[in-house]
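For reference, the structure discussed in these notes is given below.
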Amino acid sequence: MIPELPGFPASPRWRLDWNLLEEAHPWVRALNDCPQDPVHHAEGNVGIHTRMVCEELVGLSSWRKLRDWDRCLVFMAALMHDIAKPVSTRVEADGRITARGHSGRGENMARVLLWEQGLPFSFREQVAALIRWHQVPFFAIERESPARLLHEISQTARCDLLALVAEADARGRVCHDKQRLLDNIALFTELCDEQQCLTGPRQFPSEHSRFLYFRKPSRDPGYHAHDDTRCDVVVMSGLPGAGKDHWLRSHRPDLPVVSLDQIREELDEPPTGAQGRVIATAVERAREHLRAGEDFAWSATNLSRGVRSQCVDLLSAYNARVHVVYVEVPERVLVQQNRERPRAIPQPALQKLYERWSVPDVTEAHRVDLVIRERDES
């Protein structure tokens, strides 16, 4: 069942009600106040561009032929693809307007907004992934070795749907190189098909082969790597109050746990502010288990890819098999459960954590389990 989205164009009229979209989504109106560089966007501000993109998408027969779920999420990705431009746009010293990093920030903003609206996890994350990668089809084919990037994208986003978002993005603008963009998107689609990742994730011979492929450059994606792992480590991930410790107690009570919350209590450190002593203590305890080749769990929020990468770097240096368990609950449940924690995270600090929030994917670990509570059942 597709989510209910106000203003979503539907058969047989395929009418785009922009006034309803602006009324239902206040952030859409905010796009009208964000300028763009006329070299790439002579049509005007981000709001004008976004409307043109949606109009172009709705007119594409390839979009209309999609199943309802896919058509809905592609439309939402097109509507939200530049949502972060108002917070990313800068005027450079030479007068040029840039919005560097808006794709990554847009992924995060879309995740938070759609979570707050209670939309299904799988829908939300596919939209977020399309936003994260939405510029790649413009330039991927011009890279010296683009295959690895396409393999990575395919683990979280369907590349055929990504190409649709990019095509609408290219058509919904006024620029001198539009045909080059469209040609590059067509070549991107062909290359994805050739690389066996157009309509689904690129497959690998084993979890360990995939893990090493995304960690070490120039590896053959078809190579069946020898599994030399010595121990299994469960790495918890999720917002504070999501229920990570509860999951460990319920599903892996046998594992010793390196818990950042526990270490904070021992050291009498607050949950906010500098965490140097806490992290150093946690790393040393983890190393003790790793040197002994012992299974254990690492319990922390691990919200951003960068933080998880540092953790996985440590574990992989000792040939550990990494199993990430991501836990999520609806917003109201999270706020309530955070309040009930012995050391609750203040709401302003929790809001700041949202800005770093990304969901783990299989490019980061041997295995990723998603423990998602979709509805507030209280």
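The values are calculated or read from the model by the stated rules, or taken from the named source; none is laboratory data. Fair warning: this is a prediction, and the values are worked out from it, not measured in the lab. Neighbour counts run over all protein chains shown; Cβ positions are idealised from the backbone, glycine included. Please note that ligands, DNA and RNA were not included when accessible areas were found on the heavy atoms of the full protein model with its side chains. Shrake-Rupley method; radii C 1.70, N 1.55, O 1.52, S 1.80 Å.
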Handout entry: Which numbered condition Arg173 misses (of (1) of a type in the set (Lys, Arg); (2) within 20 Å of Glu55 (Cα to Cα); (3) surrounded by fewer than 19 Cβ atoms within 10 Å (Cβ to Cβ))
Key = (3)
Exercise for the section: Kindly indicate the residue of the stretch 224-257 that is assigned to a strand (DSSP E or B) and over 26 Å from the mean Cα position of the chain (by Cα) and also surrounded by the fewest Cβ atoms within 10 Å (Cβ to Cβ) among those meeting that condition. Expected result: Cys231
Problem - Test set (1) assigned to a loop (DSSP other than H, G, I, E, B); (2) in contact with a Lys or Arg (Cβ under 7 Å, 6 or more places away or on another chain); (3) open to solvent by less than 60 Å² (accessible area, probe 1.4 Å); (4) of a type in the set (Val, Ile, Thr) - Thr199 fails condition number - result: (3)
Practice task
Quick one: count up the residues across the stretch 140-155 that are touching a Lys or Arg at 6+ places or on another chain (Cβ under 6 Å) and in contact (Cβ under 8 Å) with a residue 60 or more places away in the chain.
Solution key: 1
Fill in the blank from the handout: Reported set for the stretch 16-50 where residues are acidic (Asp, Glu) and either farther than 19 Å from Met76 by Cβ or surrounded by fewer than 12 Cβ atoms within 10 Å (Cβ to Cβ) (or both) is Asp33, Asp37, Glu43
Exercise for the section: Considering only the stretch 285-315, state which residues are surrounded by fewer than 20 Cβ atoms within 10 Å (Cβ to Cβ), among the hydroxyl-bearing types (Ser, Thr, Tyr) and touching a strand residue (DSSP E or B) at 6+ places or on another chain (Cβ under 9 Å). Expected result: none
Practice task
Report whether or not Pro3 is over 19 Å from Ala168 (Cβ atoms), open to solvent by less than 70 Å² (accessible area, probe 1.4 Å), of a type outside the set (D, E, K, R) and assigned to a loop (DSSP other than H, G, I, E, B).
Solution key: yes
Exercise for the section: Working only within the stretch 72-104, note down all residues that are in contact (Cβ under 8 Å) with a residue 12 or more places away in the chain and in contact with a Lys or Arg (Cβ under 8 Å, 6 or more places away or on another chain). Expected result: Ala84, Val87, Ser88, Ile97, Thr98, Ala99, Arg100, His102, Ser103, Gly104
Practice task
May I ask you to verify whether Arg180 is in a helix (DSSP H, G or I) and touching a helix residue (DSSP H, G or I) at 6+ places or on another chain (Cβ under 6 Å)?
Solution key: no
Exercise for the section: Would you check if Arg180 is open to solvent by 80 Å² or more (accessible area, probe 1.4 Å), in contact with a strand residue (DSSP E or B) (Cβ under 9 Å, 6 or more places away or on another chain) and either without any contact (Cβ under 8 Å) to a residue 40 or more places away in the chain or not small (Gly, Ala, Ser) (or both)? Expected result: no
Exercise for the section: Of the numbered conditions (1) of a type outside the set (A, V, I, L, M, F, W, C); (2) at pLDDT 95 or above; (3) within 25 Å of Glu107 (Cβ to Cβ); (4) assigned to a loop (DSSP other than H, G, I, E, B), Glu152 fails exactly one; give the number of that condition. Expected result: (4)
Completion exercise
Checked Val371, Val335, Val359, Val327 against criteria (of a type in the set (Val, Ile, Thr), in contact with a Lys or Arg (Cβ under 8 Å, 6 or more places away or on another chain) and either surrounded by fewer than 19 Cβ atoms within 10 Å (Cβ to Cβ) or assigned to a loop (DSSP other than H, G, I, E, B) (or both)); the one match is Val359
Completion exercise
Restricting attention to the stretch 73-92, the residues that are farther than 19 Å from Val39 by Cα and open to solvent by 10 Å² or more (accessible area, probe 1.4 Å) number exactly 1
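A quick yes/no check of all residues on (1) within 21 Å of the chain's Cα centre (by Cα); (2) among the aromatic types (Phe, Trp, Tyr); (3) surrounded by fewer than 17 Cβ atoms within 10 Å (Cβ to Cβ); (4) not in a helix (DSSP H, G or I):
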residue: Trp14; (1), (2), (3), (4): no, yes, yes, yes
residue: Met52; (1), (2), (3), (4): no, no, no, no
residue: Glu55; (1), (2), (3), (4): no, no, yes, no
residue: Asp70; (1), (2), (3), (4): yes, no, no, no
residue: Gly95; (1), (2), (3), (4): no, no, yes, yes
residue: Ser103; (1), (2), (3), (4): yes, no, no, no
Fill in the blank from the handout: Looking across the stretch 122-160 at residues that are surrounded by fewer than 18 Cβ atoms within 10 Å (Cβ to Cβ) and among the acidic types (Asp, Glu), the single one that is nearest to Arg210 (Cα to Cα) is Glu144
Handout entry: Residue in the stretch 281-311 that is nearest to the chain's Cα centre (by Cα), counting only those that are of a type in the set (Ser, Thr, Tyr) and part of a helix (DSSP H, G or I)
Key = Ser309
Handout entry: Subset of the stretch 39-50 (residues that are over 29 Å from Thr199 (Cβ atoms) and either touching a residue at least 40 places away in the same chain (Cβ under 8 Å) or assigned to a helix (DSSP H, G or I) (or both))
Key = Val39, His40, His41, Ala42, Glu43, Val46, Gly47, Ile48
Problem - Condition broken by Val278, with the remaining ones in (1) open to solvent by less than 20 Å² (accessible area, probe 1.4 Å); (2) out of contact with any Phe, Trp or Tyr (no Cβ under 9 Å at 6 or more places or on another chain); (3) modelled with pLDDT of 95 or more; (4) not in a loop (DSSP other than H, G, I, E, B) satisfied - result: (3)
